[in-house]
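A short worksheet on the structure shown next.
No lab work stands behind these numbers, since they all come straight from the coordinates. Computed from a predicted structure; not experimentally measured.
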Ligand SMILES: C[S@@+](CC[C@H](N)C(=O)[O-])C[C@H]1O[C@@H](n2cnc3c(N)ncnc32)[C@H](O)[C@@H]1O
């Protein structure tokens, strides 16, 4: 009798790996993950021809990899694999990068691009958007403190598969990577008068309560984004966007 744990049928592989893997939900998440060298043991689609046509149009660089990886499965089977089926009808499982490798990346000095710290973020969509920004700007990584899991499927969905383009880990404030901490807060010095160094640790507070006391105690520079009186604060992810843009516009630059 065939040993089910050795089956090469994609649905069996999926069921075997689902609990320990990262769900890549949709064509774009899979495309990004492949571009940034994720290991993808299984990928399924409800329409192989349509998925490969999308690759021809939008991502010819990963078309061959997709051709090898993608297995067509019936719509009903696909719906059992993913909680909210994606309009592109593509889903895959990727191997999560090792924590040790990510920690090594985060702690390596000298650093050529900042680390973004989200201090006890609450909103999964914000965390995903920040990971996408960090990937786009070539940040070294994104560290979260607190209870939110930055590899939660909703965060991965919001990050469009770009968790593989930057080092994403959860750490305690006491374990933050080396480098001067620039913490963003409306009470800080105006960012427009500052150059953010490439080895900066850029810290942002929680959506509800701002920066924690622990993070403030680690802060070297408190920095504000321009904002007119009577506006209390910006959204967390847009604050990260402005700060990374400022870093890039004042010398630090994505490739
Ligand atoms: C939604 S805000 C937090 C609002 C929160 N109610 C508070 O008391 O600070 C989330 C984070 O975005 C950053 N932020 C928002 N607006 C900012 C501004 N004008 N200057 C600097 N940082 C800002 C800060 O890091 C802040 O902790």
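The table below lists the values:
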read-out: Percent of beta bridges antiparallel (DSSP, the chain, rounded to nearest 5); value: 25
read-out: Angle in degrees between helix 48-58 and the longest Cα principal axis of the chain, rounded to the nearest 10; value: 40
read-out: Stokes-Einstein D for the stretch 99-249, Kirkwood Rh over Cα pairs, 10 °C, 1.306 mPa s (µm²/s); value: 106
read-out: Estimated 222 nm signal from helices in the chain, with DSSP H stretches of n ≥ 4 weighted -39500 (n - 2.57), rounded to 500; value: -10000 deg cm²/dmol
read-out: Globularity index of the stretch 4-94, i.e. its alpha-carbon radius of gyration over 2.2 N^0.38 Å; value: 0.99
read-out: Additional length obtainable on full extension of the chain from residue 122 to residue 47, 0.36 nm per residue less Cα span; value: 23.4 nm
read-out: Relative contact order computed over the stretch 4-94 (Cα-Cα under 8 Å; 6+ residues apart), in percent; value: 45
read-out: Quarter of Cα convex hull surface for the chain, i.e. mean projection, nm²; value: 15.6
read-out: Degrees between helix 124-137 axis and first principal axis of the chain (Cα, 0 to 90, nearest 10); value: 80
read-out: Ellipsoid equivalent to the stretch 55-115 - semi-axes via the Cα gyration tensor, in Å; value: 33, 17, 11
read-out: Equivalent ellipsoid, the stretch 29-170 (semi-axes from 5 times Cα gyration tensor eigenvalues, Å); value: 29, 17, 12
read-out: Rounded Å value of the spacing that divides the Cα centres of the stretch 130-156 and the stretch 1-78; value: 23
read-out: Relative contact order (percent, whole number), the chain, Cα cutoff 8 Å, 6+ residue spacing; value: 19
read-out: Tilt relative to the chain, helix 236-249 - C-alpha long axis, 0 to 90 degrees, to 10; value: 70
